[in-house]
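This report concerns only the one structure given below.
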Amino acid sequence: MQANPPPSAIAVPPSRYLMFGCLAVIGAGLDLWTKQAIFEWRGLPGQRDVYWVIDGYFGIETAVNIGAVFGIGAGKGMMFAGISVVALVGILLWLFCFKAATSAWLTFALGCVTGGIFGNLYDRLGLWWQEGYPVEWKSGVRDWILWQASDAWKWPNFNIADSLLVIGAVMLVVQSIFFPPAAMLSRPPEADPDAEVA
């Protein structure tokens, strides 16, 4: 049986670099543009009521998340920024040094994740913050999408970057469950070449 070639011998198609780069840049750009546009239109959190697209279910409402998912870790924005940088380095190494980018599925998933990381990292670094804003917002992330089942069942506000992160994460879960690498699959025991043929 022929051994699998080492990762260093596998070439990543140029189209994978293009796919990854486009998803990361367009995803981050769309996230940052929508944040800027929505905050200019609707103002800072609390300045205007919800603008309902689907009354009572889906709307636009500005918010600033100073934590992570569901507001966990409030006030530790710079720590999350550091984690984001480490994740970016890990993604680039996995895709292009360990050649995971030979898979279009993984390239697409991690391109979405990277776009989401860049979009929220911009906010975490305080690049949108201005004098006069609350100091705790300096490492907060701007959110504006409101989704709820009722007034009692509300999902925390989110943004395009969060959506990209979720899409990428779901794709990675699907990959790991339904299309695991061949090395993770159990193989039937190989026949003993010295065994006698019946």
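Quick notes on this one:
- Computed in the context of the full set of protein chains, the accessible area of the stretch 26-163 at 1.4 Å probe radius has 67% of its extent on carbon or sulfur.
- Solvent-accessible area per residue, Å², over the stretch 79-177 with all protein chains present [probe radius 1.4 Å]: 50 Å²
The values are calculated or read from the model by the stated rules, or taken from the named source; none is laboratory data. Just so you know, these numbers come straight off a predicted model, no measurement behind them. We work out accessible area using only protein heavy atoms, side chains counted, and drop any ligands, DNA or RNA first. Shrake-Rupley method; radii C 1.70, N 1.55, O 1.52, S 1.80 Å.
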